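The values are calculated or read from the model by the stated rules, or taken from the named source; none is laboratory data. Being a predicted model, the structure only gives us computed values, none of them experimental. Neighbour counts run over all protein chains shown; Cβ positions are idealised from the backbone, glycine included. Just the protein is used for accessible areas: all its heavy atoms, side chains included, with ligands, DNA and RNA removed. Shrake-Rupley method; radii C 1.70, N 1.55, O 1.52, S 1.80 Å.
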Amino acid sequence: ILDKLLSFNKLSDCKKIINARGELDLSAHKDYVCMENNEYRLIRGDHIDGKRLKEPGESQKDGFVNFGEFIELCSLERRKYISQPRIAISQCSYLKKKKRIETCITDKDMIISNSCNFLAFEEGNHFFYYYTWINSSVIEWYFRMFSYNNHVANYELADLPIISYQEATIEF
């Protein structure tokens, strides 16, 4: 299985997939984070539970962003993907956890913190395909083989083997 996976392209080879860190720095931008529901949801690593996004009330930490103020200081490059659904991936991943790659699908206009990475897509709406791929037991197994710390880094995501959506389509 490992030989077969190593023969696949890497996530970094898929030029239409953006692999980036969340746009809101929890330290530098802490003044823009709030508890009041103002329709601009914040996604923190602890808001992701396995394969689902916790509701704001399920976390002791603030779950919203004063969007108007935050967006003024956020660079165009950092905010480029906020207006679309994305796959958020928690960066903290303890070695003994049952599931180390924890993800969720965000709605558009959700702000992802720097305690998460995300996958966004330049074109096409194939995030369910990639969400299923990254949550697969094969990718979990592969990640465990090569990850030696309590972190899920962008470079580790970039090295994951993948069959792109375009290559995976089957014609009948």
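The trypsin sites (Lys or Arg not before Pro) of segment 59-122 that meet both conditions, a loop assignment by DSSP and at most 16 other Cβ atoms within 10 Å of the site Cβ, are 61, 80, 96, 97, 98, 99, 108.
Dipole magnitude for segment 65-137: computed about the Cα centre from +1 point charges on Lys and Arg Cβ and -1 point charges on Asp and Glu Cβ, it is near 560 debye. Modelled spin-label separation between residue 83 and residue 28, with each label point placed 7 Å from Cα along the Cα-to-Cβ direction: 2.3 nm. Expressed as a whole percent, the accessible surface of segment 1-144 that belongs to carbon and sulfur atoms is 51, based on a 1.4 Å probe. In the context of the full set of protein chains, residues of the chain present 56 Å² of accessible surface per residue (probe radius 1.4 Å, heavy atoms only). If a spin label sat at a point 7 angstrom from the Cα of residue 167 along the line to its beta carbon, the backbone N atoms of segment 1-34 nearer than 19 Å would be those of 1-19.
Annotation: the antiparallel percentage among DSSP beta bridges lying fully within segment 10-119 is about 85.
What do the square roots of 5 times the Cα gyration tensor eigenvalues come to for segment 42-82, in whole Å, largest first, as semi-axes of the equivalent ellipsoid? Before the final figure, lay out the partial values.
Details: eigenvalues 111, 33, 8 Å².
The answer is 24, 13, 6 Å, longest axis first.
Relative to the dominant Cα principal axis of the chain, helix 137-146 is inclined by about 90°.
If you place +1 on the Cβ of every Lys and Arg, -1 on the Cβ of every Asp and Glu, and leave all else neutral, what size is the dipole of the chain about its Cα centre, to the nearest 20 Debye? Could you put the intermediate results ahead of the total?
Numbers: 23 positive and 25 negative charges, 126 e Å.
My answer is approximately 600 debye.
On the principal axes of its alpha-carbon atoms, segment 1-86 has extents of 49, 31, 22 Å, going from largest to smallest. Using a Förster radius of 35 Å, what is the FRET efficiency between residue 150 and residue 129 based on their Cβ-Cβ separation? Nearest 0.05, please. FRET efficiency, residue 150 to residue 129: 0.80.
Hey, can you rank 88-95, 69-76, 35-42 by average C-beta count inside 10 Å, highest first? Please list the in-between numbers first.
Details: 88-95: 18.5, 69-76: 12.5, 35-42: 14.5.
By packing density, highest mean first, the sequence is 88-95, 35-42, 69-76.
When only Cα pairs under 8 Å and 6 or more residues apart are kept, what is the percent relative contact order across the chain? Could the numbers behind the result be given before it?
On the way: 297 pairs, mean separation 55.7, N = 172.
Worked out over the chain, it gives 32 percent.
A simple spin-label model places pseudo-atoms 7 Å from Cα toward Cβ; at residue 16 and residue 3 they are separated by 3.2 nm. Look at (i) 48, 36, 27; (ii) 64, 42, 31; (iii) 54, 36, 30: the one that is Cα extents along the principal axes in Å derived from this structure is (i). Helical runs (DSSP H, four residues minimum) scored at -39500 (n - 2.57) apiece and divided by the length of the chain put the mean residue ellipticity at 222 nm at -6000 deg cm²/dmol.
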